[in-house]
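Below you'll find the structure, written out as structure tokens, and then a few comments.
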Amino acid sequence: MLLMDRENLLVPGYSHVLSSSNDIGELEQFRLRVGAPPRALHLRDARPHLDLKLEPRLLALADPTVRVFESTRELIQFWRRCQKS
């Protein structure tokens, strides 16, 4: 399942997209679907994610398959619960 915050409070105009199962393939397929550049996919930390802005961000927010959270905090809390399952 793809999870997204409406807007990153630290970086206005950007949103994070996480996979509930840390599935890099799922993130890459979604990156391609919304037209985000390769540099949008971040694999460096324990939480692989996409950083989206502009049109790819708007397309992602409108995608009915993405669960959108109002804040980054809510997103991370839900993602952490998924990691315990």
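What follows draws every value from the coordinates through simple rules; no lab data is involved. As the structure is a computational prediction, the values presented were derived from the model and not from experiment. Don't worry about glycine lacking a Cβ; one is built from the backbone with ideal geometry, like all the others, and counts go over all protein chains shown.
Listed values, structure above:
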read-out: Gyration tensor (Cα) of region 42-85, equivalent ellipsoid semi-axes in angstrom; value: 20, 14, 9
read-out: Residue (of SER20, ALA60, PRO37) at the positive-pole extreme of the chain, dipole from beta-carbon charges; value: SER20
read-out: Theoretical ellipticity at 222 nm over the chain - DSSP helices of four or more residues, -39500 (n - 2.57) apiece, nearest 500; value: -12000 deg cm²/dmol
read-out: Gain on full stretching of the segment that runs from SER21 to ARG80 - 0.36 nm per residue minus C-alpha separation; value: 20.2 nm
read-out: Convex hull volume per residue in cubic angstrom - Cα atoms of the chain; value: 85
read-out: Cα-projected label distance for GLU70 with GLU55, points at 7 Å along beta-carbon direction, nm; value: 3.1
read-out: Nearest-0.05 FRET efficiency for ASP63 and VAL11, computed from C-beta distance (R0 22 Å); value: 0.60
